[in-house]
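Each remark here refers to the structure printed beneath this line.
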Amino acid sequence: MATNEFKPFATGSGANVTPQNEWETLPALLTGFSSGKASSAQVNKAIRQASFIASALAQFVSDNANLNVLDDGDIAGFNSKLKSAFAKQYLSRNNPFSDIKADGSVNAAKINLNLQAFNSSGSTTTVSAPTSGVFFYVTDSGNWGVIDSVGNPLPLPIAGGGTGANTLLGARVSLGVSAFGSDSTRSTASSPNAAAYTFITNSGDWGASNNSGQIIPLAVSRGGTGDTSAAGARTNLGLKTAATRDVGVGSGQIPDMGSFQFSAVAKGYEKLPSGQIRQWGTISIPAANSSTDFAFDSFAIPFPNGVLNCRANGTDTTTNTPCFATAEAISTTQIRLKAIAIDLSNKTITQGMAVTVAWEAIGA
């Protein structure tokens, strides 16, 4: 047991000391004793007050530091012992922070410091509510939030700036946007009762579908066809069989206006989609004198495959000498013509008279 050499003075029962009420009003309490004879009770009171505290403090050091407190005048030594006593009493260990962790009294220390709501272990730090068992947490990886005592996440309410849910669907419901959805390939917007939805995909496919996945065609009244098949669309749009024909001049095809070529000149032609070509022209020739009297004219364009039919006639109708003519194709590029003129007054052939003949040729 450590020794304490600092003893209290005049602490026994009935000690000769000035009563406390008199001591507190004693003039010497402020100025000290002057020259002359001092009361022994007053001197004893002054000595007791000083020794009482000195002895108590020395005993505290001796008891808690387990060190001898000697009346040797070593002030530095006493200060060192005093520090040791305080450490033993209030920290109760030589290396308090390491010792607290080592001996498992961390929780007790945090309680003493009112830090029991804070905890850090591994990669996670938590702050708990005072009594409800709810924890705020943050991890080294940046994950954070609030969980209950069994680890269930507690969503941040909308009023606090959150969604009020911890699932995508729950969040959309809380935010009033449950009709909208999106995954990695498409986005959708559903009807209020979720019976139908519109969609658009990354590839540009879009439209509307029912909840069974069947496509809902856009009605004709909305600018669509009202059907998902070509045949149904044609029916809804009032299109007949012509709508399925290709443009062209082949069997079952429909020619466009480019297939009807027409040259509206004096010596012109007309081409039909079937390949038929009709050509025409006029020429002034002398009425025939003999079988060898004839004239030639050229077609506006060659007939690719040949001439099928030719005809000719006179064009003057007011003369008394009408003209009669014949025509013959002699190649795919040329026509031969012969004409005679009849004098109606004497019913005779007028030879050598200049007449105008119109001709026409049909071929392909």
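For this structure, a couple of remarks:
- Comparison of SER174, SER141, SER178 shows that the only residue that is small (Gly, Ala, Ser), out of contact with any strand residue (DSSP E or B) (no Cβ under 7 Å at 6 or more places or on another chain) and open to solvent by 80 Å² or more (accessible area, probe 1.4 Å) is SER141.
- Selection count, the stretch 291-309, where residues are without any contact (Cβ under 8 Å) to a residue 40 or more places away in the chain and not in a loop (DSSP other than H, G, I, E, B): 1
- Within the stretch 50-62, the set of residues being buried (at least 16 other Cβ atoms within 10 Å of the Cβ) and out of contact with any strand residue (DSSP E or B) (no Cβ under 8 Å at 6 or more places or on another chain) comprises SER51, ALA54, LEU57, PHE60.
- Given (1) open to solvent by 80 Å² or more (accessible area, probe 1.4 Å); (2) at pLDDT below 85; (3) under 21 Å from ASN305 (Cβ atoms), number of the condition MET257 does not satisfy: (3)
- Residue-level check: of (1) in a loop (DSSP other than H, G, I, E, B); (2) aliphatic (A, V, I, L, M); (3) at pLDDT 90 or above; (4) open to solvent by less than 60 Å² (accessible area, probe 1.4 Å), ALA288 misses just (3).
- Residue within the stretch 149-161 that is under 22 Å from ALA189 (Cα atoms), in contact with a helix residue (DSSP H, G or I) (Cβ under 8 Å, 6 or more places away or on another chain) and among the β-branched types (Val, Ile, Thr) present: no
- Failed condition for ILE215, given (1) closer than 29 Å to SER121 by Cβ; (2) hydrophobic (A, V, I, L, M, F, W, C); (3) touching a residue at least 12 places away in the same chain (Cβ under 8 Å); (4) open to solvent by 80 Å² or more (accessible area, probe 1.4 Å): (1)
- Residue check, THR198 surrounded by 13 or more Cβ atoms within 10 Å (Cβ to Cβ) and either closer than 30 Å to THR228 by Cα or more than 17 Å from the chain's Cα centre (by Cα) (or both): yes
The values are calculated or read from the model by the stated rules, or taken from the named source; none is laboratory data. Everything numeric in this text was worked out from a predicted model, so none of it was measured. Every residue, glycine among them, receives a Cβ derived from its backbone with ideal geometry; neighbour counts consider all protein chains shown. Calculation scope for accessible area: heavy atoms of the full protein, side chains included, ligands and nucleic acids excluded. Shrake-Rupley method; radii C 1.70, N 1.55, O 1.52, S 1.80 Å.
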